[in-house]
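Q: Please find one structure pasted underneath; my questions will follow.
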Amino acid sequence: MAAHRRGGCPSTRPTPTPNRCSTPGGYPTGRSWGMRIFPCWSLWTGRRPRPPLPRRSSRAMPSDHERRPRPKTRLFTTFLPDRHERGTPMIERMELLRALAARRTGEIVVMTMTTTLQWPLVSQHELDFDFLAFGMGHAGDFGLGLAMARPERKTIVLKGDGGLLMCLGSLATMGRYAPENLLVLLMENRTYEMVGAQLLPPRVDFAALARAAGVEGGGATGRGKVERITTIEDFENALPRLLTEAGPHFVVLPVSNKEPLPPINHKDHAGRIRNLRKGLGIE
């Protein structure tokens, strides 16, 4: 009795006729709000309803043993090929860092990105400060501020070319204020190494950019200098001059890296800030 009140017995209930905006199975496509609201949408607009997307089924997916295995690589530890033009002389980055650590005395060393992984292997000093967790490419800005706040102490910035491109405006600020105690060592490997080794634009001249920003000839004495050093011997010979002469100095160093990078392990950021403040005599 109740079945008849709801529209008749199931055996005698009429089969619903699909409308024009339905699929052959009688189900709405769900691809257009107009087709769902107005049954005659296709008559008004002339659009034919699109068939529904096939349902994802476990049968259509390949099994685990049929899927292509993903190559197992460790980020930041794989060898990155050299991106310089063929025949360009390069310096091994670890050799460069070892030479700097051997000559360094009481200078502040600020670094960012990939250099933060290798510099602790050659130096453990309270005036070492990595800028990894505070902003990609901002080591130059931070080092510029330290050099201006502490004019009695040399500040060395270890910076990559990819990080410089992310904060290119720092060159103009450096050229304007030009502190004499600032030394920037630009590691040029032509890649965004820390974020996947994407290639940099191949024709960027970083030394010319620094000159155009006013770094060369800057400073109170007008001794600001921009140079390019391509061999480890020339770098070792130039280090005494770079660490003692009034600057600022902006040095472009084409580097390669054939040693695996250690994994990132930077957690105690507040502790490193306290160590830097202690080394500067603030705490």
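Q: Filter region 144-173 for residues that are at pLDDT below 90 and within 18 Å of L243 (Cβ to Cβ) and give the result.
A: K159
Q: If you scan region 177-196, which residues turn out to be surrounded by fewer than 18 Cβ atoms within 10 Å (Cβ to Cβ) and within 24 Å of the chain's Cα centre (by Cα)?
A: Applying the first criterion (surrounded by fewer than 18 Cβ atoms within 10 Å (Cβ to Cβ)) to region 177-196 yields 177, 195-196.
Passing the criteria: V195, G196.
Q: Just name the residue that is modelled with the lowest pLDDT out of those in region 119-143 that are of a type in the set (D, E) and under 13 Å from V109 (Cβ atoms).
A: Among them, the one singled out is D130.
Q: Would you confirm, using the coordinates I've provided, whether V204 is in contact with a helix residue (DSSP H, G or I) (Cβ under 7 Å, 6 or more places away or on another chain), on the phi < 0 side of the Ramachandran plot and in contact (Cβ under 8 Å) with a residue 24 or more places away in the chain? Spell out the reasoning first.
A: Details: in contact with a helix residue (DSSP H, G or I) (Cβ under 7 Å, 6 or more places away or on another chain): no; on the phi < 0 side of the Ramachandran plot: yes; in contact (Cβ under 8 Å) with a residue 24 or more places away in the chain: yes.
Here the answer is no, as V204 does not meet what is asked.
Q: Now a separate question. So T115 ticks every box in (1) of a type in the set (S, T, N, Q); (2) modelled with pLDDT of 80 or more; (3) out of contact with any helix residue (DSSP H, G or I) (no Cβ under 6 Å at 6 or more places or on another chain) but one. Which box is left unticked?
A: (2)
Q: A further question follows. Is there a residue being within 21 Å of R104 (Cα to Cα), modelled with pLDDT under 90 and either in a loop (DSSP other than H, G, I, E, B) or outside the structural domain of M136 (by TED's automatic domain parsing) (or both) anywhere in region 221-231? If you could, list the steps in order and put the result at the bottom.
A: Our first condition is that a residue be within 21 Å of R104 (Cα to Cα); within region 221-231, this holds for 224-231.
Subsequent filtering for residues that are modelled with pLDDT under 90 retains 224.
Add one more test, that the residue is either in a loop (DSSP other than H, G, I, E, B) or outside the structural domain of M136 (by TED's automatic domain parsing) (or both), and what stays is 224.
Yes, the conditions are met somewhere in region 221-231.
Q: For region 155-169, which positions are charged (D, E, K, R) and not in a strand (DSSP E or B)?
A: Looking only at region 155-169, we keep the residues that are charged (D, E, K, R), and these are 159, 161.
Within region 155-169, just D161 meets the criteria.
Q: Can I ask one more? So, of the residues in region 248-283 that are over 29 Å from the mean Cα position of the chain (by Cα) and part of a loop (DSSP other than H, G, I, E, B), which turns out to be modelled with the lowest pLDDT? Quick ask: steps written out before the conclusion?
A: So the first thing to find is which residues in region 248-283 are over 29 Å from the mean Cα position of the chain (by Cα), and the list is 278-283.
Restricting the remaining residues to those that are part of a loop (DSSP other than H, G, I, E, B) gives 280-283.
Values: L280: 80, G281: 81, I282: 81, E283: 68.
For region 248-283, the residue satisfying everything is E283.
Q: Take region 180-201 and flag every residue that is at pLDDT 90 or above and in contact with a helix residue (DSSP H, G or I) (Cβ under 8 Å, 6 or more places away or on another chain). Steps first, please.
A: Filtering region 180-201 down to residues at pLDDT 90 or above leaves 180-186.
The answer is N181, L182, L183, V184, L185, L186.
The values are calculated or read from the model by the stated rules, or taken from the named source; none is laboratory data. This structure is a prediction, so every number in the text was calculated from the model and none was measured. All Cβ positions, glycine included, derive from the backbone under ideal geometry; neighbour counts span all protein chains shown.
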